[in-house]
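Just below is one structure, and these are the notes that go with it.
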Amino acid sequence: MTFGEQPAYLRVASDLREKIANGSLPPHTRLPSQARIREEYGVSDTVALEARKVLMAEGLVEGRSGSGTYVRARPVPRRVARSGYRPVSGATPFRQEQAAEGARGTWDAHSEQEAAGPEVAARLGIEPEDRVMRTRYVYRDGGEAMMIATSWEPLAVTGRTPVMLPEEGPLGGCGVVERMAAIDVVVDNVVEEVGARPGLAEELLVLGGVPGHVVMVVERTFYASGLAVETADVVVPADRYRLSYHLPVR
């Protein structure tokens, strides 16, 4: 096999990747052994090992203790709808947005007060150590964890009000816009920044996956006349979901 200028391990990984993509190496098939790769491609053991590492880091293959390395079944990505903020009485944004996608959305949540760290403080425009309400969520579709989120709300805005706890009280479980409106705070803007990174061990433990799997992270902040009233990190497995934005034309 004649290769071009690309490093040998990447060329081998590229060829194996193509075989996985076109079905020559279907899901659950054992990846050729290191010796087989070395022989077939005319490369060293080091190159063969590095090629396998590339495919593992990409999540295309997985190691099974005492058995070898196998092609992973690739899930068909499903959509996570993002439609901006729309106050609808009695419906959370998650339940509302996923309904159109046929998701059977449920979630768990836990809230507690804490001192804002430097990053959260900067996003909320408050001082580090100012008190915030942190709420951690696990969202599920049909029982399967599909995304996790952590939100922070400044207690200078919500403290000692009926909406201080996002999931409790008369508006528990409602969206940020509706909850803030109940205390005469009018949300008029929301900003979302989408990025990607390897999932943290504790995130992958909840969402499923192996070290190295990539997650999408949505950094979302709600504003009322320029004042940040809530900021959150929403974490979604990149190999199983796609973010689908439905934004109104104004």
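As an exercise, use a Förster radius of 41 Å and the Cβ-Cβ distance of residue 246 and residue 15 to find the FRET efficiency, rounded to the nearest 0.05.
About 0.55, to the nearest 0.05.
Charges were assigned to the Cβ only: +1 to each Lys and Arg, -1 to each Asp and Glu. The resulting dipole of the chain about its Cα centre is roughly 1020 debye.
Given a 1.4 Å probe, how much area per residue of the chain is accessible, in Å²? Each step should come with its number before you reach the end.
Details: 13350 Å² over 250 residues.
That works out to 53 Å² for each residue.
Relative contact order of the stretch 107-250, please, whole-number percent, based on alpha carbon pairs below 8 angstrom and at least 6 residues apart. Kindly include the intermediate steps, with their values, before the conclusion.
Working: 275 pairs, mean separation 30.7, N = 144.
Reported relative contact order: 21 percent.
When a 1.4 Å probe is rolled over the protein heavy atoms, the share of accessible surface on the stretch 153-250 that falls to carbon and sulfur comes to 58 percent. Residue by residue, the stretch 145-157 carries 3J(HN,Hα) couplings of 4, 10, 6, 10, 8, 10, 10, 10, 10, x, 5, 5, 9 Hz when phi is fed to the Karplus relation 6.51 cos²θ - 1.76 cosθ + 1.60 (θ = phi - 60°); x denotes Gly or Pro. If the segment from residue 233 to residue 106 were pulled out straight at 0.36 nm per residue, it would be longer than the present Cα-Cα gap by 43.9 nm. With the biggest extent put first, the Cα atoms of the stretch 135-193 measure 36, 28, 17 Å across the principal axes.
Calculate for the chain the 222 nm mean residue ellipticity that helices alone would give, adding -39,500 (n - 2.57) per DSSP H run of length 4 or more and normalising by residue count, nearest 500 deg cm²/dmol.
Working: 8 runs with 67 residues, N = 250.
After summing the helix terms and dividing by the residues of the chain, the value is -7500 deg cm²/dmol.
For the chain, which DSSP H helices look membrane-span-like by this rule: Cα extent along the axis of 27 Å or more and mean Kyte-Doolittle of at least 1.0?
Values: long enough: none.
In the chain, no H run is both long and hydrophobic enough.
Relative to the compact-globule estimate of 2.2 N^0.38 Å, the Cα radius of gyration of the chain comes out at 1.27.
With contacts taken as Cα pairs under 8 Å at a separation of at least 6 residues, the chain carries a relative contact order of 17 percent. Backbone N atoms of the stretch 137-181 closer than 16 Å to the 7 Å Cα→Cβ label point of residue 78 belong to residues 138-148. Rg/Rh for the stretch 155-250: what does it come to with C-alpha atoms and Rh from Kirkwood? Checking Rg against Rh, the ratio lands at 1.05.
The values are calculated or read from the model by the stated rules, or taken from the named source; none is laboratory data. If you're wondering where the values come from, they're calculated on a predicted model, not measured in any experiment. Backbone-built Cβ (ideal geometry, glycine too); neighbour counts: all protein chains shown. For the accessible areas, the whole protein counts, side chains as well, though only heavy atoms, and no ligand, DNA or RNA atoms are used. Shrake-Rupley method; radii C 1.70, N 1.55, O 1.52, S 1.80 Å.
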